Structures are given as C-alpha cells and as structure tokens.
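A short reminder: the numbers here are calculations on the coordinates, not readings from a lab. Just so we're clear, the structure is a prediction, and the values are computed from it rather than from any experiment. Cβ sites come from the backbone with ideal geometry, for glycine too, and all protein chains shown count toward neighbours.
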Amino acid sequence: MSKFNPYEHLKIEVNQDGTLQRHNKMPQMRSNPNPGQGESVASKDITINNEKHTWVRLYCPSKLASNDGCVARLPLMIYFHSGGWIDHSVADLFNHENCVQYSRSLPCIIISLEYRLAPEYRLPAQYEDALEVILWVRDQMNDPNGEPWIKEYGDFFRCYLSGRGNGANMAYNVCLKALDISLYPLNISGIILNQPMFSGNKRTMSELKYACDELYPLPVWDLMWELALPKGCDRDHRYCNPMNDIALQSKVKRLGRCLVIGYSMDPMIDRQQEFVSMLVKCGAIVEAHFDVGFHGVDLVDAKRGSYNLQLVKDFVK
C-alpha cells in the first residue's frame, strides 16, 4: 500500500524558493458590470492594493427596490473565500456563482476579497488584507469619488463579515482586530462563519474518527496549517486554536452577533462546537446550526445550500 501524500491529494508542489505550484486549476468567471436582460446581479473588479495585488469583486443586484422614489439601501457583506489558506480565487466558478446567488437572494452588496495566499504569504498576511478591505469599505462613504455601488446603495449600518473554511477563520480574527479601530460610519452587525477552520496540537475525537475522510483527510488539514502558520509555530497558535488564547477572549463579548454553521462528519466539528461554547461563555450572541453532512456538503447538495442561504437570510436583518 502506497503512503498517503497530502501534496498529491491537494495537487500542489513546493518549488525550491518555497512557493507553490498549484495544479488544481478551477474554471473561472469574469466580472460582469453590465448584465444583460434576465441577469439579476452585476459584478465588477476593483484593486485594493497594487503592491500586494489584492482586489475585490463587487456584486450588486441589477434591479434595486425603491421606497417613495428612493432606492432602498442594501446590507453590505464582506466575504472571504475558502481554500485552506493556500488556494482558490474569488473568480473561481463556484465562488463567483455562490456570491451571485447570495447577492440576488438576500439581497445584498457583496465585497469578495482576493487576498494573498500561503505559503508565499503566511499568516497574519491574510488578516491584514481582510482589515485593509474593511477600512476601504468604511472610507467609501465619505470619499467624494467613493465606489458608487457601495456609497449610493449600501447600508453602512448593516455590514457583515462572512467566510467559509479558512475564510470563516479570517472573518472571526479580523472582526476582533477591527474592534480596536474606529470604523465610523461603518458598523459591523455580525459575523457569518460557515464551517470555520480551526485546529490544535491535541487531536479531538472527530479528527480521529474522520482522519481518513475521502475529501479532506487529517494530513491535508495539517499540511495546510503547516504552510499557513508563521514559521516555527505549531497548531496551538492563536490563529489556529483560538480556544487557547485566554487574553484575546476578553474581547469576544464585543463581537456582537455570530452565526456558526457546521456538519457532523467534518473532522473539525468538535473544534467548531468548542469554539461556539467559548463564544457563548465569553458573552457573544451566538446562533449555531450543526447538521448531518461532510465538510463542503453545501457546495454539492442543493438542499443544503438552500438551507444555508435561508440561515443567512434570517440572520442578516
């Protein structure tokens, strides 16, 4: 029996300079700022930082409801995609279509961030990119040349941070960072954490039980953390295991509302439930939904995807 190779499973190779060769190329979609008849969501790409090569794809419903002749302002959702820190793009087909669906159905304006990937850029680079886009959104309201989709149609009082997998980890950590910064006139109303990515040195029961998961076996999760964490750090680092960070937990009660979604056959389910318990213990307002399924089931099961969408719709007030 051949030894399992997480690099082969992820279709990646490490170059001599420490960068990655990524062979798992996904179909990509271009933005569409001028949707045709029958298309319900417009999208466009905007550079955030030229030096870092970070940018966002904005999504806005093409038909906006009005009230007494005035366009009704829509909630803002800053979204961080999944990919285990090391892969994927906002332009990937499944990310793009997911954002289109959410923008149309909620409805809302989505700001989907193309952040820097590990190991070329290790944590906390991704948190820094996330904070930079939050500040960019904040500044659009008072900028005479601010992005019109945000400035004219966005409700700055209803801004949500949302993410999947490692993107959910980003949403949590950057929200804590943002607590120390004046965001006026922007108000973060809540965070939406879909199957958040956490780990630790000591194995949980779910990690051991689903260590041989077909899609995401335990060595794959370990490798992604190894490539993402600061060099010399292990999985009990606070970026990976927030339950160990007692000092930072004093800020958790200031997070406000939190929606956490998870699935019973996800190797990380025990971590996610422990995370929810920590949030509640620290005074955060938490709505948690754990269902039967595997990590990423909502991407391939339309019913689960629709259920998650309804959870988010009910959460975004």
Residues in region 80-116 that a label on Leu215 would reach, taking backbone N under 13 Å of a point 7 Å out along Cα→Cβ: 82-84
Mean-position separation - Cα centroids, region 176-242 and region 109-142, in angstrom: 17
For Ile86, distant residues with modelled amide H under 5 Å away: Ala118
Mean ellipticity per residue at 222 nm, deg cm²/dmol - from DSSP H runs of n ≥ 4 across the chain, formula -39500 (n - 2.57): -9500 deg cm²/dmol
Summed side-chain charge close to Leu58 - residues other than Leu58 whose Cβ falls under 13 Å, Lys, Arg +1, Asp, Glu -1: -1
Inter-centroid distance (Cα atoms) of region 10-61 relative to region 250-316, Å: 26
Cα-based helix-to-principal-axis angle, 166-178 vs the chain, degrees rounded to 10: 60
Derived scalar couplings ³J(HN,Hα) [region 127-134; Karplus, 6.51 cos²θ - 1.76 cosθ + 1.60; whole Hz; x for Gly, Pro]: 5, 5, 5, 5, 5, 4, 6, 4
Residues whose placed amide H lies under 5 Å from that of Tyr263, excluding near-sequence neighbours: Asp291
Gly154 long-range amide H proximity, modeled H, under 5 Å: Leu74
From phi via Karplus (6.51, -1.76, 1.60), per-residue ³J(HN,Hα) for region 266-281 in Hz, x at Gly/Pro: 6, x, 8, 4, 5, 4, 5, 5, 5, 4, 4, 4, 5, 4, 5, 4
Assigned charges on the beta-carbon of Lys, Arg, Asp, Glu; the chain dipole about Cα centre (debye): 540
Sum of side-chain charges, Leu186 neighbourhood, beta-carbon under 11 Å (Lys, Arg +1; Asp, Glu -1): 0
Value of D in µm² per second that Stokes-Einstein yields for the chain, Kirkwood Rh from Cα pairs, at 4 °C (1.567 mPa s): 65
Dipole in debye (nearest 20) - region 56-156, about Cα centre, beta carbon charges: Lys, Arg +1; Asp, Glu -1: 240
